[in-house]
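The values are calculated or read from the model by the stated rules, or taken from the named source; none is laboratory data. Computed from a predicted structure; not experimentally measured. Neighbour counts run over all protein chains shown; Cβ positions are idealised from the backbone, glycine included.
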Amino acid sequence: MELPVLGGIARRALDQLLKNPYRTIEVRSARNVIVARRLKAREKLFLTYETPQDITRGTEGIIAEVMKIEEMEQRIPWEESDEREITVCRIQLRLVGLGKVIEVSSEGDVMKVKVREMLPHEMAMS
């Protein structure tokens, strides 16, 4: 299956999704916000700890289904940045399974991967 990618997701967030099949994550990086804005409810996506430039054939991660998406602006202290606001997308997810990348492609600004679903004993993420 071909899925859009959220990369650079904290290992803690991935572990929590594995333990509890429903989880809401917040993404702030420009690349992940662009992907999140294009997602629709019931669509599947691939989440991984690896940063986008390190995602290659063999990268392991989680396949999840989008339940709900919410976009918001958050103000940040002026001492921390030259900007006053950042865009944050909250994505409620449902765990579908584990996956391994077999091919990487892109569609405009969105990285997509062909993923093979895996059984838990095949994963090296832990």
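Annotations for the structure displayed:
- Where Asp54 falls short, out of the listed (1) more than 23 Å from Thr24 (Cα to Cα); (2) more than 15 Å from the chain's Cα centre (by Cα); (3) surrounded by 11 or more Cβ atoms within 10 Å (Cβ to Cβ): (2)
- A Cβ distance below 7 Å, combined with a sequence gap of six or more or placement on separate chains, defines the contacts here; from the stretch 54-75, residues that are closer than 18 Å to Ala13 by Cβ and at pLDDT 95 or above reach residues that are of a type in the set (Lys, Arg) and part of a loop (DSSP other than H, G, I, E, B) in the pairs Glu65/Arg42; Val66/Lys40; Val66/Arg42.
- Count - residues of the stretch 59-86 that are exposed (fewer than 12 other Cβ atoms within 10 Å of the Cβ) and in a strand (DSSP E or B): 6
- Evaluation of Met1 against (1) out of contact with any Gly (no Cβ under 8 Å at 6 or more places or on another chain); (2) surrounded by 14 or more Cβ atoms within 10 Å (Cβ to Cβ); (3) within 22 Å of Val101 (Cβ to Cβ); (4) modelled with pLDDT under 95 (one fails), failing number: (2)
- Counted residues, the stretch 11-35 - those being under 11 Å from the mean Cα position of the chain (by Cα) and under 17 Å from Gly99 (Cα atoms): 2
- Checking Val27 against (1) closer than 16 Å to Ser106 by Cβ; (2) of a type outside the set (Phe, Trp, Tyr); (3) in contact with a Cys (Cβ under 7 Å, 6 or more places away or on another chain), the condition it does not meet: (1)
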